[in-house]
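Chemist: A single structure is presented below for examination.
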Amino acid sequence: MSPTQDLPPSPPYPAAAQQDINGVTTEPNGIKAQPKWSDYARVYDIVLCRTATYRTMLWDLLGKSGPLSAMCDGRVVFDLGCGTGNLSREILAAYPNTTLIAIDNDESMAMSFKEKLSKSLADKPTSGKACFMLGDISEAMAVLSDWGFKADYVFLVNVLFLIADPAAMLRQIASVLRTGGELRLSNPYDKTDLDNLFRSFQSDLLAQNEFESLETEFNALKSFNFKQLSPMLTRFSQASLMDVLKQSGFGKLNHVSQGHYGGQSLLISTSV
Ligand SMILES: C[S@@+](CC[C@H](N)C(=O)[O-])C[C@H]1O[C@@H](n2cnc3c(N)ncnc32)[C@H](O)[C@@H]1O
């Protein structure tokens, strides 16, 4: 599906903030701090949810567009590093009997998630609901393993590039997947060109006559990506990520392609 055909519907949008937004944090000694997600959460939904590029990326992961197969409803799904909850919301909308576990360790992302999915929240894993766990992905998955909880689908969307020990995380994911379960991964890689990605966002907004009114938020999002995330974005080549996946126990590759997310990310489906 091309981004101009049959676009994923746009969800309700948060209002654009009026205050000055920077989105870049540097420690006094000049060392880059960890990404400050509270700055990101504010502008993330305002800008990205309005773009066909981002919404199509979410639909590609669910198999509602693009090369991946449609998912089965009624399954257990983990959304790791779920952020503000855009993918989780789409999962429950498309597959309403999903038992969804969403994990993120950032308070501001958690606040947005809980607001967005307020009608679907549950404090324990429940069919048709989202159970949000605030904490580190590895620690939360260890808790789920202790409960004997396994997943049919695990999503890792724009998260692996941030993880210090990706192989350890992927081994842990392999261990929590049920037989035949699937990891669906979207990740930047060594050919990612942020300029191209932001040109794609900008042209989506221009086509809707929204660019001018969102320029401040657009520039804040861009600045966060270029100044805080870009050093980590190109950690993997396709071949190196394939190697890490294989070594971590993912023996079956269902799909890999590079044309995802405005042509700037790897889209991978793999099973143990
Ligand atoms: C680039 S955002 C992507 C959010 C979401 N997956 C999406 O695509 O819209 C990365 C998210 O991963 C979360 N994150 C990064 N490292 C994490 C960790 N070790 N444990 C839990 N969450 C983590 C961040 O807080 C942030 O919300």
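Each value in this text was obtained by applying a stated rule to the coordinates, not by laboratory testing. For clarity, every value in this text was computed on a predicted model and none was experimentally measured. Note that we place each Cβ from the backbone using ideal geometry, even for glycine, and neighbour counts take in every protein chain shown.
Chemist: How far, in nm, would the chain grow between Ser38 and Ser223 when pulled straight, counting 0.36 nm per residue and subtracting the alpha carbon separation?
Modeler: 65.2 nm
Chemist: Based on the Cα gyration tensor of region 41-195, what are the three equivalent ellipsoid semi-axes, each the root of five times an eigenvalue, rounded to whole Å and given largest first?
Modeler: Numbers: eigenvalues 90, 67, 57 Å².
Listed largest to smallest, the semi-axes of region 41-195 are 21, 18, 17 Å.
Chemist: Follow-up question, since we're still on this one. If you line up the Cα atoms of region 154-272 on their principal axes, what length do they span on each, largest first, in Å?
Modeler: Reported extents, whole Å, longest axis first: 49, 25, 22.
Chemist: Another one. Where does the Debye-calculated log10 I(q)/I(0) of the chain sit at q = 0.08, 0.14, 0.16, 0.17 Å⁻¹, using only Cα point scatterers of equal weight, no solvent?
Modeler: For the chain at q = 0.08, 0.14, 0.16, 0.17 Å⁻¹, log10 I(q)/I(0) is -0.30, -1.01, -1.36, -1.56.
Chemist: In the structure shown, do any of Lys129/Lys150; Lys64/Lys252; Lys124/Lys150 have a Cα-Cα gap over 18 Å, and if so which?
Modeler: Over 18 Å apart, Cα to Cα: Lys64/Lys252.
Chemist: In nm, to one decimal, how far is the modelled label at Glu107 from the one at Arg199, with both set 7 Å along Cα→Cβ?
Modeler: Computed distance between label sites Glu107 and Arg199 equals 4.1 nm.
Chemist: Could you check the spin-label model distance between Ala167 and Asp190? Points 7 Å from the Cα along Cα→Cβ, value in nm.
Modeler: About 1.7 nm separates the two model spin labels.
Chemist: Given R₀ = 30 Å, what would the calculated FRET efficiency be for Cys72 paired with Thr126, taking r from the Cβ atoms and rounding to 0.05?
Modeler: For R0 = 30 Å, the calculated efficiency reads 0.95.
Chemist: Okay, next question. Of the cross-linked pairs Lys191/Lys246; Lys114/Lys222; Lys36/Lys119, which ones have a Cα-Cα span greater than 23 Å in the structure shown?
Modeler: Lys114/Lys222; Lys36/Lys119
Chemist: Next question. Only helical DSSP H runs with n ≥ 4 go in: add -39500 (n - 2.57) per run for the chain, normalise by residue count and round the 222 nm mean residue ellipticity to 500 deg cm²/dmol.
Modeler: -11000 deg cm²/dmol
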